[in-house]
Amino acid sequence: MCNRFILTFLGLLLLFTPVVSMAQLLENDIVVTDAWGAKVDSGTKAFVDRGETWLPVETVKWYSDEQLRFDLAEKRVYVTLGTPRFQLETANLDRTLQKGLTLNFPLKLIAGKPYINLYNLDRILGVTAKPRKEERIVDLIPEASLGYTAYQVNKPRDKAVFTGKINAVWDHVGLVNRNLGIEPAIDGLDVILPTWFTIANADGLVLNKADQRYVADAHEKRYKVWALLSNGFDRGLTRKILQDANAQQNIIKQLVLYVSLYNLDGINLDFENMYEEDKDRFASFVKLLAAALHEQNAALSIDVTIPSNSAFWSRCYDRRELGQIADYVMVMAYDEHPRLSPVSGSVASYGWVEKGIVATLADIPKEKVILGIPFYTREWEESSSDGTIKVQAKTLSMTQANEILRENGVKPVWQEDKGQFYAEYTKSDKQYKIWLEESDSLKLKAQLALKYQLAGVAAWRKDFEEEQVWGVLKTVLKPAPALAATENTEQKEQKKQKRNKKKK
């Protein structure tokens, strides 16, 4: 998120999927049921990986009525649908797909050949795969054999109801999706936001890295899943999209179908580095997207920076309009000093964050604002050359920052004005500075969500934190009833004392 991750997001366009050896997978024969009910050995193999069945793309292509093509360089399958024979959550959404669309799904290379996970795709491809429980056989059943005329892909989900303040975290998905099922549930976490979707071209193709098992595992842990859609921080491409109604409709159609297929709870729109002149067009696009998602009872959240004078990074948002349209607005209150800053400084000092909240609330209703907080920090290297100070920075997780301090024997000191621990040391004639993000600093920031009655907080990003942070966030955002009652009593008493002072 924000400009420090431009290169990372551009890298997503490559969308590499690793080659998997057959030794890691359970091999199954594929038996096809023909139109007369006879079962025929296809002569091909399916593979089961963590409960998911992967079939050869060529086999699926042969039996499906839809157009499939695969690109080994991109490691993905493209599926072009004509007039769909399936149904979405509402008849109105069905009508939006009447002219068809193209979807894409990640491939898995097994022994050098492309395979696709058919889970849930049977409803759009017209081919069903059913592994037998007691045998290493997968039954492949074309739609003609089933006699179905239409599938209901999904039903409108119930609207989410959160207890206390929302506690959310972005999950940066790189080469592959994490195995969320083997990770312990995070107590108090409400929403996880995987970086799954990126706009690839001016036609509005959305590159897809979503994973059905990830969603199922998240729901098992009681997390909602809001998948992120990025514009790749490409303002030229974004302008083309916002000037093309067909491209916008193409994006919306793909997202609507992905929400249904993967049973997503919402979409997180992360459009950054846009032209200020495009802010009205962007708001219009958001309004169209919100209308479609709301038919599915899926939430729409939008990422914005705190208000500043930057044309590309701040003035490009019509916050007042977006605040009326979106369900939530995620205010990225970090990168006070971005990675390429000419001076060293904090990623998110307390005063800077609070000032950003106040400025944001001038345009956006407080109950829609989710405060973005950093799970990362930066180490700043300062060197002197010709009387000038040259500054370089690298981004660190909490654990990495603590390791650096231990290695250099540095004990951080608390800076009250920053609401952070600060550390510095000298090495090889260079000075190093770190403003730490850890439990104490994040507790103060999370308390701002209470002070200003915001909807909650969201952290960038998962795996940059240390485990104890989650307990701190839960305590602040979701206090036990007795504690909450005590705090309310204290707040009332403080207000009473202030009123008495004014009277005097």
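Fewest to most neighbouring Cβ within 10 Å: what's the order for H219, H337?
Ascending number of Cβ neighbours within 10 Å: H219, H337.
Between L288 and T388, what is 0.36 nm times their sequence separation minus the Cα-Cα distance? Round to one decimal in nm.
Separation in residues times 0.36 nm, less the Cα-Cα distance, equals 30.9 nm.
Taking the highest mean first, how do the peptides 465-472, 90-97 order by number of other beta carbon atoms within 10 angstrom per residue?
Per-residue Cβ counts within 10 Å, averaged per peptide and sorted highest first, yield 465-472, 90-97.
Compute the long axis of helix 245-262 from its Cα atoms, compare it with the longest principal axis of the Cα atoms of the chain, and write down the angle in degrees, 0 to 90, nearest 10.
80 degrees
Using a Förster radius of 51 Å, what is the FRET efficiency between Q415 and E277 based on their Cβ-Cβ separation? Nearest 0.05, please.
Efficiency at R0 = 51 Å is approximately 0.80.
Can you give me the angle between helix 350-361 and the longest principal axis of the chain, using Cα atoms only, in degrees from 0 to 90, rounded to the nearest 10?
Compared with the principal axis, the helix lies near 60 degrees.
If the limit is 31 Å between Cα atoms, which of K45/K155; K130/K165; K155/K221 go over it?
In this structure, K45/K155; K130/K165 lie more than 31 Å apart at Cα.
Based on the Cβ-Cβ distance from A38 to F162, what FRET efficiency comes out when R0 is 60 Å, to the nearest 0.05?
Here the calculated transfer efficiency is 0.70.
Take I434, I251, I182 and order them by how many other Cβ atoms sit within 10 Å, fewest up front.
I182, I251, I434
Considering only the chain, what is the antiparallel percent among its DSSP beta bridges, to the nearest 5?
Looking only at bridges with both residues in the chain, the antiparallel portion is about 55 percent.
Starting from the Cα gyration tensor of segment 223-269, take the square roots of the eigenvalues, sort them a ≥ b ≥ c, and report rounded, prolate or oblate (rounded when a/c is under 1.5, otherwise prolate if a/b is larger than b/c, else oblate).
oblate
Mind checking which of T80, G37, G409 is farthest towards the positive end of the chain's charge dipole, using Cβ charges of +1 (Lys, Arg) and -1 (Asp, Glu) about the Cα centre?
Most positive-ward Cα: G409.
Values in this text are rule-based calculations from the coordinates and carry no lab data. Only a predicted model underlies this, so the values are computations on that prediction, with no experimental measurement involved. Every residue, glycine as well, gets a Cβ built from its backbone with ideal geometry; the counts of neighbours run over all protein chains shown.
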